1. So which trypsin sites (Lys or Arg not before Pro) in segment 115-217 are both in a DSSP loop and have at most 15 other Cβ atoms within 10 Å of their Cβ?
2. Using bins 5 angstrom wide from zero, how does P(r) for segment 119-247 break down, in % of all Cα pairs?
3. Using Cα pairs under 8 angstrom and six or more residues apart, how large is the relative contact order of segment 124-239, in percent?
4. Beta carbons within 10 angstrom, averaged per residue: use that to sort the peptides 149-156, 98-105, highest first.
5. For a quick check of understanding: with a 1.4 angstrom probe and all protein chains in place, what accessible area in square angstrom does Asp134 have, to the nearest ten?
6. State the percentage of accessible surface on segment 125-250 attributable to carbon and sulfur atoms; use a 1.4 Å probe and exclude ligands, DNA and RNA.
7. Could you name the aspartates and glutamates whose alpha carbon sits less than 12 Å from that of Lys79, not counting residues in the same chain fewer than 8 places away?
8. I'd like the orientation of helix 61-77 relative to the chain: the angle between its Cα long axis and the longest Cα principal axis, in ° from 0 to 90, rounded to 10.
Amino acid sequence: MEDNAVKRAAEIIAGGKLVIALTGAGISVESGIPAFRGAQGLWEKYDPMEVAHIESFRRNPQKVWQMLSELYQIVLNAKPNPAHVALARLEQMGKLTAIITQNVDALHQKAGSKRVIEFHGSGESLTCLKCGKDYSIDDVDLKQIPPTCSCGGILKPDIVFFGEPIPPYALEESFALAQKADVVIVAGTSAQVYPAAQIPYTAKQRGARIVEVNLEPTPLTGSVTDVFCQGKAGQILPAIVEEVERLIQT
Ligand code: NAD
């Protein structure tokens, strides 16, 4: 971890008036949930581009639910890591207005973050494809594959599959924030899935500064990123937030 980049990132955040964060699967890797890129664990067995596509769900819900039940097993046992905790702390300090997350694991909320926009929906709730009835994940028997509604219809998690639209409220709120933000922290996203990846570009066009945290460079790094902090989000974000705290206290 480069100390200099952490210091520069903290100075930008401490001086920001409206700071937002855009997070992706990489921020939850240290909680044991594998990201799509990097093909670890679950994604060595299933091709995410196939099983996370809505057409696959419609064609073969049994197969997609096989993957989903394994994913739920991991996600429901996962705990927030220091990266999630650091962003929750930044919000408590009054230095982070909102998190826009592409993740469906609810770990930001479990870490204590209050304003979290779930850009790709949530795995915590499910809807019956036949009658539209809503279910909480706590009320669903995940041993039954695929899980069904009392009407016999198949349940689908309220997560946005490839080929599905972004929930309109999440899209509107996220881009409204991107237009007002003067700092965007982008952490653990490959910035390849659109329209989420558009958020930092939109903010930059309005003059925002971009702080990026990732193990490796992304398409943002050489274009809109002002400070690139290379390394694990679970180490870098706590270091940045600690430095922000020091700066705003002095
Ligand atoms: P991605 O899988 O495309 O990319 C992950 C990024 O995180 C990569 O750039 C990688 O270098 C980086 N990374 C990996 N480990 C890291 C760490 N410890 N610290 C910092 N960076 C790290 O993820 P994406 O951009 O979010 O896009 C994939 C889509 O998959 C998203 O839409 C998301 O909804 C979904 N997804 C969600 C989860 C989850 O909810 N936890 C898990 C897998 C996939």
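1. Arg115, Lys130, Lys133, Lys143, Arg206
2. P(r) over segment 119-247, rounded to whole percents: 2, 10, 15, 15, 14, 13, 10, 9, 8, 4, 1, 0.
3. Relative CO of segment 124-239 lands at 17 percent.
4. 98-105, 149-156
5. Asp134 exposes around 110 Å² with every protein chain in place.
6. On segment 125-250, the fraction of accessible area on carbon and sulfur atoms equals 50 percent.
7. Filter leaves Glu30, Asp105.
8. Roughly 50 degrees, rounded to the nearest 10.
The values are calculated or read from the model by the stated rules, or taken from the named source; none is laboratory data. Quick caveat, the model's predicted, so the values are computed rather than measured. Every residue, glycine as well, gets a Cβ built from its backbone with ideal geometry; the counts of neighbours run over all protein chains shown. Side chains included, ligands, DNA and RNA excluded: accessible areas come from the protein's heavy atoms. Shrake-Rupley method; radii C 1.70, N 1.55, O 1.52, S 1.80 Å.
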